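Below is one structure, written out as structure tokens; the observations come after it.
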Amino acid sequence: MSTRRDLPEAPYLAAASGLTSSRIPVWFMRQAGRSLPEYRALRAQNTMMEACFDAELICEITLQPIRRHGVDAAILFSDIVVPLRAAGVDLDIVAAVGPVIANPVRTEADVAVLKSLELARIDAVSDAVRLLVGELGDVPLIGFAGAPFTLASYLVEGGPSKLHERTKAMMLAQPATWHALMEVLTDLTIAFLKVQLDAGVDAVQVFDSWAGTLSLADYRTFVLPHSSRVFAGVADYGVPMTHFGVGTAELLGAMAEATGRRPKTVVGVDWRTSLADAATRVGAGTALQGNLDPVVLLAGWPVTEKAARAVVDDGRRALGAGASGHIFNLGHGVSPTTDPGLLTDLVELVHSL
Ligand code: CP3
């Protein structure tokens with residue numbers, strides 16, 4: 001384990017740790033991405049996968065939104081499928097589609113093949129983290145990984161999916177195969193987080209973006225034990241850990257449970273649930289992150305300003321209801337058609353409130 005930076009004044013780390021911060025911290029999921037012309041210029045010369053395996057490019061793309069927006073945290077530029085790729089799974093990230101898997105995982109034999117996979121070093125990622133820690137000054141760096149369920153959904157479907165039909169069918173009809181797959185993915189997720197933590201990231205976020213497709217009962221039976229193992233597997237690093245998903249109103253309590261409700265845990269909330277409601281669902285002592293609807297930014301500044309003020313007010317109510325902190329974010333990633341100038345204005349507004 002490497003020595004980590006000590007950033008006691010960083011508002012993001014303070015809010016995530018249940019301490020008083022000097023201002024409401026703000027960052028955006030997918031802040032490094034297609035909303036930025038400087039990102040599109042770099043991507044025109046490199047595929048997504050090339051960019052994810054090049055330390056200099058990872059570093060540059062991670063820094064772009066920091067320079068432009070003055071956000072309170074950087075998120076490592078990478079993708080949830082990078083550890084799968086590094087372990088040898090044949091996949092690509094196809095523009096405007098997302099991850100596409102050459103040989104989807106559908107049977108016990110397919111899972112057996114995955115079992116032999118091991119995440120070796122990912123030098124580009126660890127080198128990029130070390131470079132970034134040197135470049136970022138007092139801005140914290142968030143590392144991340146996909147949660148086992150969301151990774152499984154890509155592997156089983158073979159690509160993006162709306163209803164996750166094959167994934168849920170495997171889960172329900174072949175529970176032993178399902179749990180074996182989740183075991184493998186849990187190990188891979190822990191390993192990918194450790195690569196980043198050992199290189200010096202200041203916090204981690206686990207993206208279970210598609211868990212909201214499950215009932216609470218199925219989440220508890222088929223997902224929670226594995227996601228819990230992810231958080232337990234990196235808890236010793238003692239850094240803030242965020243658990244995020246979309247459409248998870250009914251799952252928020254279970255998602256908080258998966259973090260182990262250790263000190264410095266954060267649960268991400270989308271725009272469908274008010275932060276005040278989320279605070280009662282996750283239970284006291286956990287911080288919340290969210291939850292402006294990213295589509296609001298497509299409606300222009302007056303609408304964005306009003307909605308952002310409402311999120312900040314809702315965050316204050318959440319603190320009153322027992323949340324240990326509020327980190328302003330969108331309820332999901334920045335839409336590629338967002339005017340980046342509005343994001344900069346939004347950071348300034350939240351900091352002024
Ligand atoms: O700025 C950041 O948030 C950090 C970088 C980041 C990316 N992907 C870069 C990316 C992060 C944290 C992710 C996580 C990720 N990847 C998730 C979880 C978060 C979420 O949005 O729910 C998921 C589900 C994926 C899988 C994935 N990769 C999708 C759905 C897509 C988008 C497909 C599309 O083109 O609309 C990708 C590609 C991807 N990952 C892009 C970026 C910047 C776009 C790549 C491009 O074409 O330039």
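Taking the Cβ of THR273 as the centre, find all other residues whose Cβ is under 11 Å away and add up their charges (Lys, Arg: +1; Asp, Glu: -1).
Details: positive: ARG272, ARG281; negative: GLU250, ASP270, ASP277, ASP314.
Local net charge: -2.
Between VAL201, VAL133, VAL303, the residue with the greatest mean-square fluctuation in the GNM of the chain (Cα pairs under 10 Å linked by springs) is VAL303.
Annotation: amide H-H contacts under 5 Å for ASN291 (H modelled 1.01 Å from N, sequence separation of 5 or more, or interchain): ASN329. With only Cα atoms counted, the chain has Rg and Dmax values of 18.9, 56 Å. Each other residue within a Cβ distance under 14 Å of SER215 adds +1 if Lys or Arg and -1 if Asp or Glu, for a net charge of 0. Along region 158-169 the Karplus relation, 6.51 cos²θ - 1.76 cosθ + 1.60 evaluated at θ = phi - 60°, assigns HN-Hα couplings of x, x, x, 8, 8, 9, 6, 5, 5, 5, 5, 5 Hz to successive residues, with x for each Gly and Pro.
Multiplying the residue separation of ASP138 and ASP198 by 0.36 nm and subtracting their alpha-carbon distance yields 19.7 nm.
In terms of its C-alpha gyration tensor, region 218-277 has an oblate overall shape, because the principal axis ratio a/c (a ≥ b ≥ c, square roots of the eigenvalues) is not below 1.5 and a/b does not outweigh b/c.
Test of understanding: in a Gaussian network model of the chain with alpha carbons linked when under 10 Å, which of THR167, THR189, THR337 would top the mean-square fluctuation ranking? So, out of THR167, THR189, THR337, the one fluctuating most is THR337. Here is how the number arises for the chain: DSSP H runs of 4 or more residues each give -39500 (n - 2.57), the sum is divided by the residue count, and the result at 222 nm is -14500 deg cm²/dmol. Applied to region 239-246, the Karplus parametrisation 6.51 cos²θ - 1.76 cosθ + 1.60 on θ = phi - 60° returns per-residue 3J(HN,Hα) values of 8, x, 10, 10, 10, 10, x, 10 Hz, with x for Gly and Pro.
Residues in region 1-66 average 47 Å² of solvent-accessible surface per residue, probe 1.4 Å, ligands and nucleic acids excluded. Less than 5 angstrom separates the built amide H of GLY146 from those of PHE207, all sequence-distant by 5 or more or on a different chain. In order along region 247-263, the phi-based Karplus estimate (6.51 cos²θ - 1.76 cosθ + 1.60, θ = phi - 60°) of 3J(HN,Hα) comes to x, 9, 2, 6, 9, 4, x, 5, 5, 5, 4, 4, 6, x, 6, 6, x Hz; Gly and Pro are listed as x. Protection proxy ranking, highest mean first, for peptides 116-122, 316-322: 316-322, 116-122, where packing is the per-residue count of other beta-carbon atoms within 10 Å, averaged.
Measuring nothing but how far apart in sequence close Cα pairs (under 8 Å, 6+ apart) lie, relative to its length, the chain scores a relative contact order of 21 percent. Using the Cβ-Cβ distance between ARG67 and SER335 with R0 set to 22 Å, the FRET efficiency works out to roughly 0.60.
Solvent-accessible area of the chain (1.4 angstrom probe, protein heavy atoms only): carbon and sulfur portion equals 53 percent.
Pick out, in residue order, every one of the trypsin sites (Lys or Arg not before Pro) in region 179-283 that is DSSP loop and has at most 16 other C-beta atoms within 10 Å; say none if there are none. Please list the in-between numbers first.
Values: sites: LYS194, ARG220, ARG229, ARG261, LYS264, ARG272, ARG281; in loops: ARG261, LYS264, ARG272.
Taking region 179-283 and a limit of 16 other Cβ atoms within 10 Å, the loop trypsin sites (Lys or Arg not before Pro) found are ARG261, ARG272.
The values are calculated or read from the model by the stated rules, or taken from the named source; none is laboratory data. Since the model is a prediction, treat every value here as computed from it, not as a measurement. A quick note on method: Cβ atoms are made from the backbone with ideal geometry, for glycine too, and the neighbour counts reach across all protein chains shown. Side chains included, ligands, DNA and RNA excluded: accessible areas come from the protein's heavy atoms. Shrake-Rupley method; radii C 1.70, N 1.55, O 1.52, S 1.80 Å.
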